[in-house]
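Values quoted throughout were computed directly from the atomic coordinates according to the rules given, and no laboratory measurement underlies them. Please read all numbers here as calculations on a predicted model, not as lab measurements.
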Amino acid sequence: MRITHEADYAIRIMYCLAKCDEKLSAKQIADDSGVPSRFALKILRRLTQAELTASYKGVCGGYKIARPAEEISLGEIIEVIDGPIEINHCLSSEFDCSHVQQKNECTFHRLFGAINQDIRSKLYDLPLAQFVPKADT
């Protein structure tokens with residue numbers, strides 16, 4: 001399994017918004033995160049549809065993180081962009097195995113399923129807040 005560039009960009013964008021914790025323009029987000037503008041806009045649209053970001057229209061518009069960073073996991077960000085985390089195509093519900101009648105009869109399918117669940121759990125256990133520097137008080 002490899003996280004796509006788009007999911008990596010989404011993590012950077014969410015990190016940028018969590019670190020700042022204020023409304024930013026798409027241009028500011030692209031500049032601060034190092035994500036090309038055209039990709040930033042596309043990703044922001046998907047993050048907003050998934051209610052991870054909030055979008056504000058108009059002259060003073062922009063984007064803001066929609067929930068506290070403690071409530072958003074890396075796994076959630078990745079799956080919003082890349083879809084379900086699957087380390088092997090046989091884990092997909094659309095996959096028809098030509099080697100066994102039932103997927104659960106396959107040792108590889110069971111092993112990959114267990115590994116996949118471990119990876120997914122670890123990514124969902126990583127809150128975005130863990131990566132955001134604490135403000136000095």
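Brief remarks on what is shown
- Normalised contact order of the chain, rounded percent, pairs of Cα under 8 Å and 6 or more residues apart: 29 percent
- Taking 0.36 nm per residue of sequence separation and removing the Cα-Cα distance, the Ile119/Glu51 pair yields an extension gain of 22.1 nm.
- Average silhouette area of the range 27-90, convex hull of alpha-carbon atoms, in square nanometres: 5.5 nm²
- Spherically averaged projected area of the range 1-135 from its Cα convex hull (nm²): 9.2 nm²
- Taking the chain as the region of interest, the number of lysine pairs whose Cα atoms are within less than 19 Å, with members eight or more places apart or on different chains, is 13.
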